[in-house]
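For reference, the structure discussed in these notes is given below.
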């Protein structure tokens, strides 16, 4: 299942908590998850400083577990909104018989 994960800030977290060491560890773990196939794609929003990830997981619970391995999530500096996705079914209408 594809899960869209949109970063959301955690209220009250100061910018100075995002240390270079922590950000490096975040990048390293993100790379590992990408190489393992859990993170399929990763982007940054163009309109605000937030990451957007496309995950491949069994369900939202597994996505939450995977995201918890990220250092910024583990230290509660960021969180993610999870949106489970399914394939678009509308194309079937193009091939439905006229009798239906």
**Asked** For the chain, modelled as a GNM with alpha-carbon contacts under 10 angstrom, which of 67, 55, 85 fluctuates the most?
**Response** 85
**Complete:** What helix-only [θ] at 222 nm does the chain give? Using -39500 (n - 2.57) per DSSP H run of at least 4, over all residues, to the nearest 500, the answer is -8000 deg cm²/dmol
**Item:** Shape call, the chain: gyration tensor on alpha carbons, a/c limit 1.5
**Value:** prolate
**Asked** Sorted from fewest to most neighbouring beta carbons within 10 Å, what does the list 59, 16 look like?
**Response** 16, 59
**Prompt:** In whole Å, what is the distance between the alpha-carbon centres of segment 1-20 and segment 41-66?
**Reply:** 11
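Taken together, the values in this text are just the output of simple stated rules run on the coordinates, not laboratory data. On a predicted model such as this, the values are computed, not experimentally measured, just so you know. With ideal geometry, Cβ positions are generated from the backbone for all residues, glycine too; neighbour counts draw on all protein chains shown.
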